[in-house]
Amino acid sequence: MNPYLDDDLLTLAEHAQRFAQGRVAPGFQERDQTRVLDRALMREMGQMGFIAPELPEAVGGQGMGCLAAGVIHEAIAAADLSLSYINLLASLNGQILSQHGERSVVQPWLDKLIAGEALCAIALTEPRGGSDAASLRLRVERQGDHYLLNGEKTSISAADQCDIAVVFGRTGTVESGAHGVTALLVPMDLPGITRSRFDCHGQRAIGRGSLFFENVRVPVDHRLGAENKGFVQVMQGFDFSRALIGLQVLSVARTALDESWAYAAQREAFGAPLTAFQGVSHPLADFDTQVTAARLLCLQALWLKDRHLPHSAEAAMCKWWAPKLAYDAIHQCLLTHGHGGYDRGLMEQRLRDVLGFQIGDGTAQIMKTIIARTRAGRQAVPI
């Protein structure tokens, strides 16, 4: 029994799992090798109602709540973490667009995101820093009914594949910090935008890269939130994505653990199954316990969000603990499989894929600072 998932959510989860195993899992390794996101599969996910189901019906969503998004997200991630970025980016950016955008501007894009016909990146990190996002330098200058963008964003997921991006730029002074930042919805076909792609260790189907802006003109009505308030307003939605990331990586760890239990039970050494040896079974039992507990924490964060209750600390816990735990658990699973695990295949790809979340989307140190500020107060934890 799970205290956060009712019968409807469990049925939804089973539906998503069948789709993930039947349609997503078979292309897992091929997408990693070709580094190409399957747009046809993305549209199929949209047709199934698996993209941003939590968005209100008024903007084209299903109003199913954040827990619904969570159970779908972990089902897709269990089959292919990189492909589950479609869910993550649509939920995070869909929330931003629906809450802070001009309806006439954002609605066509929301329709495409939900249908799986468009991909939206979040462009925050810059070459001089990621975690200290309030110090960003990309310049946004007002010129009549347009903004002029100049600068670079880097380590952006889906940089070379996205159709639009939520771009954070500085409209105020550097000294104004987070209170001088504005967010804009930027179509990627505007003149003056160029892109690059990195050769990353994992998450290769979605990829990461840089976005370069040279005198890019963006209409003022594409602003998301108030001028100079974009960072403060829009960043509130990141609690949602942090809980989703926790479920995303833990589902990969759960799949690896299930496979490792089955392998160790059927593989024999010295006339007994490997599970008879505590050196094999106890490490798996340790990680099984922790992965189960961490998943409950992620579901709790989404449960709190669905009820409009504070959940910043819980979301930060999900973001720092789950990626590290998932990596360590999959590492142990790889070792359990011996030379077969070390060969290029499912296990090593999972290990590569989850590692990136210890770096991007907020480091463990930043997440722990958020927790400390929530518990002790910002004045007691100024940095």
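The values are calculated or read from the model by the stated rules, or taken from the named source; none is laboratory data. Only a predicted model underlies this, so the values are computations on that prediction, with no experimental measurement involved. Positions of Cβ are generated from backbone atoms using ideal geometry, with glycine treated the same way; all protein chains shown enter the neighbour counts.
Apart from one condition, SER91 fits all of (1) of a type in the set (Gly, Ala, Ser); (2) in contact (Cβ under 8 Å) with a residue 60 or more places away in the chain; (3) closer than 20 Å to ALA226 by Cα; the exception is (3). Anything in segment 218-228 that is surrounded by fewer than 20 Cβ atoms within 10 Å (Cβ to Cβ) and farther than 13 Å from ILE96 by Cα? List them, or say none. PRO219, VAL220, ASP221, GLU227, ASN228 - these are the residues of segment 218-228 that are surrounded by fewer than 20 Cβ atoms within 10 Å (Cβ to Cβ) and farther than 13 Å from ILE96 by Cα.
Among the residues of segment 324-354, write down those that are closer than 29 Å to SER312 by Cα and in contact with a Gly (Cβ under 6 Å, 6 or more places away or on another chain). Answer for segment 324-354, where residues must be closer than 29 Å to SER312 by Cα and in contact with a Gly (Cβ under 6 Å, 6 or more places away or on another chain): ARG352, ASP353. For the condition more than 22 Å from LEU9 (Cβ to Cβ) and either in contact (Cβ under 8 Å) with a residue 12 or more places away in the chain or in a helix (DSSP H, G or I) (or both), LEU302 does not qualify.
Of the helices (runs of 4 or more DSSP H) lying entirely inside segment 45-137, the ones with 1 or more residues being of a type in the set (D, E, K, R) and at pLDDT 95 or above are found at 66-79, 103-115.
In segment 219-242, the residues that are over 13 Å from ILE122 (Cα atoms) and in the same structural domain as LEU302 (by TED's automatic domain parsing) form Cβ pairs under 6 Å with partners that are among the hydroxyl-bearing types (Ser, Thr, Tyr) and assigned to a helix (DSSP H, G or I), at six or more places apart or across chains, as follows: ASP239/SER312.
Conditions (1) of a type in the set (Val, Ile, Thr); (2) more than 30 Å from TYR4 (Cα to Cα), marked per residue:
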site: GLY209; (1), (2): no, yes
site: VAL220; (1), (2): yes, yes
site: ASP239; (1), (2): no, no
site: VAL249; (1), (2): yes, no
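Among the residues of segment 162-177, the ones that are modelled with pLDDT of 95 or more and either of a type in the set (Asp, Glu) or in a loop (DSSP other than H, G, I, E, B) (or both) come to 2 in all. Can you tell me which residue in segment 306-363 is modelled with the highest pLDDT, limited to those that are closer than 20 Å to ILE206 by Cα, assigned to a helix (DSSP H, G or I) and hydrophobic (A, V, I, L, M, F, W, C)? Result: ALA326. In segment 178-194, the residue that is farthest from LEU224 (Cα to Cα) out of those that are more than 21 Å from the chain's Cα centre (by Cα) and outside any loop (DSSP other than H, G, I, E, B) is THR194. Scan segment 117-156 for residues that are buried (at least 23 other Cβ atoms within 10 Å of the Cβ), more than 18 Å from the chain's Cα centre (by Cα) and farther than 16 Å from GLU214 by Cβ and jot them down. Passing the criteria: only LEU136.
Residues being surrounded by 23 or more Cβ atoms within 10 Å (Cβ to Cβ) and either in the same structural domain as PHE212 (by TED's automatic domain parsing) or hydroxyl-bearing (Ser, Thr, Tyr) (or both) are represented in segment 87-97 by at least one member. For segment 307-326, the tally of residues that are of a type outside the set (A, V, I, L, M), surrounded by 20 or more Cβ atoms within 10 Å (Cβ to Cβ) and touching a residue at least 60 places away in the same chain (Cβ under 8 Å) stands at 6.
Taking (1) in contact (Cβ under 8 Å) with a residue 60 or more places away in the chain; (2) in contact with an Asp or Glu (Cβ under 8 Å, 6 or more places away or on another chain); (3) more than 24 Å from LYS153 (Cα to Cα) in turn, ILE72 satisfies each apart from (2).
When you check GLY172 against the structure, is it out of contact with any Leu (no Cβ under 7 Å at 6 or more places or on another chain), small (Gly, Ala, Ser) and on the phi > 0 side of the Ramachandran plot, yes or no?
So GLY172 does not fit the description; no.
Looking across segment 262-295 at every residue that is of a type in the set (Asp, Glu) and loosely packed, with under 14 Cβ neighbours inside 10 Å, the one that is nearest to VAL71 (Cα to Cα) is identified as ASP286.
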